[in-house]
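Okay, structure first, notes after.
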Amino acid sequence: MECETQRIALGLRHRDVVVLEALVEQYQYRLVRYLVSLLGRRDGVDDFVQETWLRVVERSGSYDGQSRFEPWLFRVARNIALDAMRKRPMFSLDSNEGEGVRSSPASGEPSPYTLAARTQDAERLAHSLQSLEPVYREALVLRFQEDLSLQEISVIVGAPVSTVASRIYRGLATLRPQFEGDTA
Amino acid sequence: MNIDYHDTFQRMIDESLAGVLSAEKEQSLREHLSTCATCREYLSASNRVIAGLSGFSFEVNPTFNARVLAAIRLQAEEGRGILARDTWTMRHHSAQFKNWAAFAVALSMSFVGSGLVYQMAERLTVPNHFVTAQVQAGVLIFWLLPSLCAALCLLAAPGENRGNA
């Protein structure tokens, strides 16, 4: 693993186009999925994705290859999204949990989760996932879709491991009732 | 079994899913699950949430990747140009600094050496059949003054050329 991360770090340092192309191919979809979970909307995500890759090239020297590439990439993407949200205060991610203003699609637009649901379980989750606090949704996606450890998530979101764990438990607790009592 | 008892194990299920439960507690949880339908139901519902999260597929415009790749290629090429220029400037300045430092050290040693010989002129006169004043004049004319001139030239030279002195 370390060999792979060192190879990525070296490629980034030299702004090696072959390495950059491979990274885009490998992480593009995951970046889209993460940003949708963060913003709760699909429109505008492509701009953030492109901005993230440009920032990756610009700050390529700051990835040292000592840890996995994904947490570093997601942290870059998160910072860009947060900066944009600060400029547009109608969206907030790090507001007080439970009281935060939710990022959501414009009224009348279907939720990105409703449009993207491909399984029955996903269809059942779509609505509650959309109304879930972004910080919980983000923690669930990073843990269960990106398969990141709590320590890695903690680095991305800039919160203690105990807070990350608490967000995962609360997120699961909010979504679990959808499936309780099901024998399927 | 009371509710608190289930709560304890359900908390352990959450911790297990988050990846923070110790191996010892995992074993204890497995044993409990084999006998408790309520906690099995809790685990099953949690697993369906996790499975549900994987059931979303967001569409990505096929031209989007090409657009991103074109943008980063351009940025990478610009960046490489800057990087190459920075590296050249750094090396150039580094070589200049080394030359300048070596010259300054040589000059300082020359000053110290000539100063010492000047002071010891009296001891050098007897074996070489010179008078003290002759030795001191020689040191001044052929050693100390040239060193002083070199130092003044070094200080007067513009910064850019100083390293090449």
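The table that follows gives values for the structure above.
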item: Hits in segment A:49-75 (condition: within 16 Å of the chain's Cα centre (by Cα) and farther than 19 Å from A:LEU10 by Cβ); result: A:VAL49, A:GLN50, A:GLU51, A:THR52, A:PHE74, A:ARG75
item: Enumeration of residues in segment B:22-43 that are within 13 Å of another protein chain (Cβ to nearest Cβ) and surrounded by 18 or more Cβ atoms within 10 Å (Cβ to Cβ); result: B:CYS39, B:TYR42, B:LEU43
item: Test for A:SER154: is it in contact with a Gly (Cβ under 9 Å, 6 or more places away or on another chain), crowded, with 17+ Cβ neighbours inside 10 Å and among the small types (Gly, Ala, Ser); result: no
item: Count - residues of segment A:14-54 that are outside any helix (DSSP H, G or I), charged (D, E, K, R) and over 20 Å from A:LEU129 (Cβ atoms); result: 2
item: Count of segment B:31-72 residues which are in a helix (DSSP H, G or I) and under 48 Å from the mean Cα position of the chain (by Cα); result: 20
item: Check on A:ARG86, under 24 Å from A:SER131 (Cβ atoms), more than 10 Å from chain B (Cβ to nearest Cβ) and without any contact (Cβ under 8 Å) to a residue 12 or more places away in the chain; result: yes
item: Yes/no for A:LEU125 being part of a loop (DSSP other than H, G, I, E, B), at pLDDT 90 or above and either crowded, with 21+ Cβ neighbours inside 10 Å or facing another protein chain (nearest Cβ under 7 Å) (or both); result: no
item: Hits in segment A:135-155 - residues which are under 16 Å from A:VAL32 (Cβ atoms) and in a helix (DSSP H, G or I); result: A:ARG137, A:GLU138, A:VAL141, A:LEU142, A:GLN145
item: Of residues in segment A:32-43 being facing chain B (nearest Cβ under 10 Å) and not charged (D, E, K, R), the one nearest to A:GLN145 (Cα to Cα); result: A:SER37
item: Positions within segment A:143-169 being basic (Lys, Arg) and either more than 9 Å from chain B (Cβ to nearest Cβ) or in contact (Cβ under 8 Å) with a residue 60 or more places away in the chain (or both), in sequence order; result: A:ARG167
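The values are calculated or read from the model by the stated rules, or taken from the named source; none is laboratory data. What you see is a predicted model; the values in this text were computed from it and never measured. Glycine also receives a Cβ, built like all others from the backbone with ideal geometry; neighbour counts cover every protein chain displayed.
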